[in-house]
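Working notes, beginning with the structure itself.
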Amino acid sequence: MHCLWTSVAALLLGVIAPILTENPESCVSLKQPGELQDSLPPFQVFTSQQTYKGGEQLDVTVKTTRHIEFSKLVIQARRYNITLDTTEPIGYFTAKAGYQVACPGIYGNGLVSQQRSNVVQRSSITFTWTAPLPSQGHIVFRASVAGSHNQYWIIKSPVIVDPDAPHRPVISQPHPSPLVDIETDSCGKTKGCYRNPPGCPEPKCDAIVTWRIRDGKVEFELAAATEGWVAVGFSSDKKMGHDDVIECVWNETRNLLHKNPVEVRLSQNGGGKSNQLTNTLDRYAGLSDIVGSKSGRRLRCKFTRELYIPGYKNLVNLDQDHYILLAKGKVDQNGMKKMHVLEPGKQPYVSKSMVSMKDIVDISGTARYPLAKIHGILMLIGWMMCASTALIMAKYYKPMWPNSRLCREKVWFAVHRGCMSVTFFCTILGFILIFIHVGGYSQMPNLPDKAHPILGIITTIFCILNPILAMCRCNEKSRSRPIFNWIHWFVGLVATVLATPTMFIGLNLAKAHVPWWTTWVMVAFMLFHLIIELLLEIHGCINGRKQKKREEEFMLRKKHDPRGELFGREPEPVGHHFKKRIITVYLFVVIILGLVMVISVAAG
């Protein structure tokens, strides 16, 4: 009897233990340890047939579509009708080696791979699923599949139809046939085109939009190399303000009742952020004949929009002239757009001139922003050319030219003050111009671009503060002079240190439109500046004692020469020939590299 009860207890524990250890939240959400990915899943779910009846068995296969094997799998069948409970497992999976039954419910269960270190990764596996009695309507198989690197995806099958259920859905393939390439030979002849790079055939275009008028409507074709979305916008200026946008979005998780996971919809830029229109109906206002597909990284859409839509005053009138905007980016797991790509000289593209959809043109290139370029040029002149020279002069050239004066001041001080004055005026003017261009504070979404306006404002504050401190400079013999020197040095150092990353970030902003190699020119300049400082430091260390001895001998001579104070000339510092050669080389390189940078920004 004792053995009998022991067996019964063991049996009950074997049945109840999985239920007790089951995580109800995971059974509903299908979450796994790791990071849920919003990229295109590398796995798919297939079934042996697309219809079922109560009690019938189906083969369900999970298969990789790339060279990625899965290490853990959770799979269930669920109702498709959103008016019913779509979180409850439907139908019964038969356990097999390496997998155990999980998430038991009234009408079915799920399967989960066992947590064992010796489970071999797979590229394909097939399960047997038995439909419940009675059948529970149309269903979809949902699976949570983990690959390597602690990543997992949630995928689903096409709809499996219950013939006895009402509202039979349309069976469609999750991956439609790709659209043919957009024809570009007619650009500028029978239809308008905006494409980049110039003259590219559509498959090689980074982004392209074409348009033509037919029956009072505009027929658009839109394509780009992108993982998530491409959009065309219409702006009254060259900026992304509150502009109307038509976007082509790849939505892998889109409702399978739709024949195509590519969605064309309206949206509106809002101060640099793309937001859906508040009225849900407006998202498709005036749109028709929508076709779209995605093949590899190529997303294509074809659609028609009314020139003018009565009753929608907030939607752009395509009969008027506008700048054309082209942008692309990624989407999240719900098919919502993420921030567009930012590439200097490229994304987002803005047409150089205004056009209407009645214009038959073939345009390319992207707009330039004169105030932004002037801002960049002023900052390069101020901080790359002048501030660096002022720093070298103040740090290493105070003893030089002891018997000469420039503007009634010591040479080093006159050069230092002149260069910093130029830096001050360039910074203030550049600061004002960029605020005029942006129309306020520049809102940038991501780092490091987001840091540029913040660092720029702080640098400007320190740049203004230092001249104010200089005007309060006390006498050289004052006890407070060392304190002033340290504060003046610290403020100048902070401004110079912050200006360096600010310039690097600025060169990579989309509106800068400068060649990629300008960043490396700036790197070369910084390395050259450090080498010059290192040489001068070594020179100072080697000749420090000699210079001190020479100064002592001169002071002794002045002391015993009654006329020395009136007619004696201070001796040149030790190594003055070397230091003169160094500053000559430094100024030559600074001027050459500075001009290269200024010209590249102006001409870019």
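In a fully extended conformation the segment linking residue 164 and residue 236 would gain 20.4 nm over its present Cα-Cα distance, using 0.36 nm per residue. Taking every alpha-carbon pair under 8 Å whose residues sit at least 6 apart, the range 32-156 reaches a relative contact order of 37 percent. Segment residue 475..residue 538, full-extension length gain: 19.6 nm, with 0.36 nm per residue of separation and the alpha-carbon distance subtracted.
Taking every C-alpha pair closer than 8 Å and separated by at least 6 residues, the mean separation divided by the residue count of the range 370-603 gives a relative contact order of 28 percent. Put a dot 7 Å past the Cα of residue 570, heading toward its Cβ, do the same for residue 100, and the two dots end up 8.7 nm apart.
Between residue 200 and residue 527, the FRET efficiency from the beta-carbon distance, with R0 = 25 Å, is close to 0.10. Residues 600, 186, 478, ranked from the fewest to the most other C-beta atoms within 10 Å, line up as 478, 186, 600.
If r is the Cβ-Cβ distance from residue 59 to residue 183 and R0 is 45 Å, what FRET efficiency results, to the nearest 0.05? So, using R0 = 45 Å, E works out to roughly 0.55.
What pairs from 294/358; 189/352; 31/53 go past 26 Å between their alpha carbons?
Among 294/358; 189/352; 31/53, the Cα-Cα distance tops 26 Å for 294/358; 31/53.
As a quick test, which of the pairs 330/373; 72/302; 96/330; 191/450 have an alpha carbon distance above 31 angstrom in this structure? Flagged as over cut-off: 72/302; 96/330; 191/450. Label-to-label distance for residue 190 and residue 404 is 7.5 nm, based on points extended 7 Å past Cα in the beta-carbon direction.
Order these by the 10 Å Cβ neighbour count, fewest first: 250, 129. Walk me through the intermediate numbers first.
On the way: 250 23, 129 26.
Listing 250, 129 from fewest to most nearby Cβ atoms yields 250, 129.
Order by neighbour count: 393, 471, fewest other Cβ atoms within 10 Å first, most last.
Going from least to most buried by this count: 471, 393.
Between residue 87 and residue 517, the simple label model (points 7 Å from Cα in the Cβ direction) yields a spacing of 6.0 nm. Loop-located chymotrypsin sites (Phe, Trp or Tyr not before Pro) in the range 431-504 (DSSP state not H, G, I, E or B) with no more than 15 neighbouring Cβ atoms inside 10 Å: 441.
No value in this document is a laboratory result; all are computed from the given coordinates. None of these values were measured; they are calculated from a predicted model. Positions of Cβ are generated from backbone atoms using ideal geometry, with glycine treated the same way; all protein chains shown enter the neighbour counts.
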